[in-house]
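> Have a look at this one before I ask anything.
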Amino acid sequence: MTELSRGVRLGVDVGQVRVGVSRSDPHGVLATPLVTLARDQNPRPDAVPTDIAELAALVAEHEAVEVVVGLPVNLAGRHGPAAEHAKAYARLLADAITPVPVTLTDERMSTVVASRRLAERGVRGKRQRAVVDQAAAVEILQSWLDAQRRRT
């Protein structure tokens, strides 16, 4: 078992309308919210969607060594339409940020958990919708980081 290599990782929660992004510290201990990007609803067929381009810019800016994308597996453990959508998004992203690897990770319940945690802190309604995607990205990245540490 090898230790997690040093470097910033970005976590991505892919939604139909927004993409939540989180980042880790270089030691891979803690995930924190970074930004919410608007999805490019009408990308030109010959162009990189603007949200993918913005993510690629964040990878460069933070010198990320890996991007972890949440894969919405349903509670039965199957890949439904949302999972297929996330996989397609991850492929587009991987093409845009080569050679930085893109890893898919099970994100069952990340948005539910994020919403609940925000509500417990008194963040509700419009304020919650504004940050829930980032909070879900934090949940995705933090659980992935924790799982990596348990393996070493």
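The values are calculated or read from the model by the stated rules, or taken from the named source; none is laboratory data. Quick caveat: nothing in here was measured; it's all calculated off a predicted structure. So basically every Cβ, Gly included, is an ideal-geometry build from the backbone, and we count neighbours across all protein chains shown. Surface accessibility is based on the protein's heavy atoms, side chains included, excluding ligands, DNA and RNA. Shrake-Rupley method; radii C 1.70, N 1.55, O 1.52, S 1.80 Å.
> Looking at the range 9-151 only, what percent of DSSP beta bridges run antiparallel? Nearest 5 please.
Taking every DSSP beta bridge with both residues in the range 9-151, the antiparallel ones total about 60 percent.
> Please return the longest range in the chain lying between exposed loop sites, taking GluC sites (Glu not before Pro), DSSP loop only, at most 13 other beta-carbon atoms within 10 Å, and leaving the sites out.
Counting at most 13 other Cβ atoms within 10 Å as exposed, the longest clean stretch of the chain is 64-152.
> With +1 on the Cβ of every Lys and Arg and -1 on the Cβ of every Asp and Glu, and nothing else charged, how large is the dipole of the chain about its Cα centre, in debye rounded to the nearest 20?
That gives the chain a dipole magnitude of about 640 debye.
> How much accessible area per residue does the chain have, counting only protein heavy atoms and a probe of 1.4 Å, in square angstrom?
Result: 56 Å² of accessible area for each residue.
> Oh, and also: Which of the trypsin sites (Lys or Arg not before Pro) found in the range 25-122 are in a DSSP loop and have at most 13 neighbouring Cβ atoms, other than their own, within 10 Å?
Passing sites in the range 25-122 are 78, 121.
> Counting only protein heavy atoms and a 1.4 Å probe, tell me what percentage of the range 9-151's accessible area is made up of carbon and sulfur.
Reported share for carbon and sulfur atoms: 55 percent.
> So for the range 9-151, averaging the separation of alpha carbon pairs under 8 Å that are six or more residues apart and normalising by length, what relative contact order in percent results?
Worked out over the range 9-151, it gives 33 percent.
> Right, another one. Using a/c under 1.5 as the rounded threshold, could you call the range 17-85 rounded, prolate or oblate? The axes a ≥ b ≥ c are square roots of the C-alpha gyration tensor eigenvalues, and prolate needs a/b larger than b/c, oblate otherwise.
oblate
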